[in-house]
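Following: one structure in structure tokens, then a few remarks.
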Amino acid sequence: MKTPNETGMNRTGIKTSPIDSRATEAGAEEGEPTSIGGESLMAAVRLELAQQADAVGSMPPPASLKGVAKSAMTVLKGESPTLLLNLLGERLAFERTGVRLYEAVIDKLPAFAADGGSARPTVADLRAIQEDELRHVDVVRRAIETLGGDPTAMTPAADLGGVSMSGVLQVACDPRAQLADSLHALLTAELVDNDGWELLIQLARGLGQEEIAQSFAQARDQEHLHLVRIRAWVMSQVMREAGVEESATLPAAT
Ligand SMILES: [Fe+2]
């Protein structure tokens, strides 16, 4: 299999043709913008649109009488009853996407059988992490139901989170993305995932939802382990391809 680090027909760099590069530089200096205005006008338009724009979607009303009662109580206490539910919806969608993300890399893994290294993941390694992500979907679902919410609702934060993750999913599913590329996509997801759980624990605790905060502690610890492992595999793959000693560069597992 051809690796992306082999030289090929890539002619995107200016040094590919010194003669043409001079013409390109001259053209760039002589060229005029294709539309009026500059950066300041663009900034003004962005600001104006941001000031006028509606939010991305809205939260659904409480799904049960219990949810209505909880909402009323939190409003009386001056708290936003839906903020936690919005972020829980985002976490649920993220974990669900995580399951599919790992599935995509697991499916491709046999294609990278030649990419050895002492610390490359096996199917069993990735499957174990994937099963954690699936369990986390259920942990969040229970928390949403405890608060009287509807776990099947697409919350605004879930919507935006899905857009954020779309590029990561594209890399994971791209048949041309190599093992290191695919692991890097997983690393991007795990970094966000780790912060997502920590934020939820802090928020739940701050809102007096101690039981929910405690139910998230195990997921947070598991996500930390995912991050350590994926980070080590990314490092191993890159160092191995570069011919650098792996053992000197791998971070210690916790
Ligand atoms: Fe994870």
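Since every read-out is calculated from the coordinates, none of them should be taken as a lab result. Here the structure is a predicted model, which means the values were calculated and not measured. FYI the Cβ positions are ideal-geometry reconstructions off the backbone, even for glycines, and counts take in every protein chain you see.
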Using only Cα atoms and rounding to the nearest 10 degrees, what angle (0 to 90) does helix 210-242 make with the longest principal axis of the chain? 10
Relative contact order computed over segment 127-254 (Cα-Cα under 8 Å; 6+ residues apart), in percent: 22
Classify segment 82-140 from the C-alpha gyration tensor, please: rounded if a/c falls under 1.5, else prolate or oblate depending on whether a/b exceeds b/c. prolate
By the gyration tensor of its Cα atoms, with a ≥ b ≥ c the square roots of the eigenvalues, what is the shape of segment 111-198: rounded for a/c under 1.5, prolate for a/b over b/c, or oblate? prolate
Roughly speaking, what is the centre-to-centre gap between segment 17-57 and segment 87-114 when only Cα atoms are used, to the nearest Å? 36
Given R₀ = 22 Å, what would the calculated FRET efficiency be for E6 paired with S166, taking r from the Cβ atoms and rounding to 0.05? 0.15
Sequence gap at least 6, Cα distance under 8 Å: using those rules, report the relative contact order of the chain to the nearest whole percent. 21
So if I take the centroid of the Cα atoms in segment 190-247 and the same for segment 120-186, what is the distance between those two points in Å? 13
From the alpha carbon gyration tensor of the chain, can you work out the equivalent ellipsoid semi-axes (sqrt of 5 times each eigenvalue) and give them in Å, largest to smallest? 40, 31, 14
Highest mean first, what order results for 44-56, 184-196 on Cβ atoms within 10 Å? 184-196, 44-56
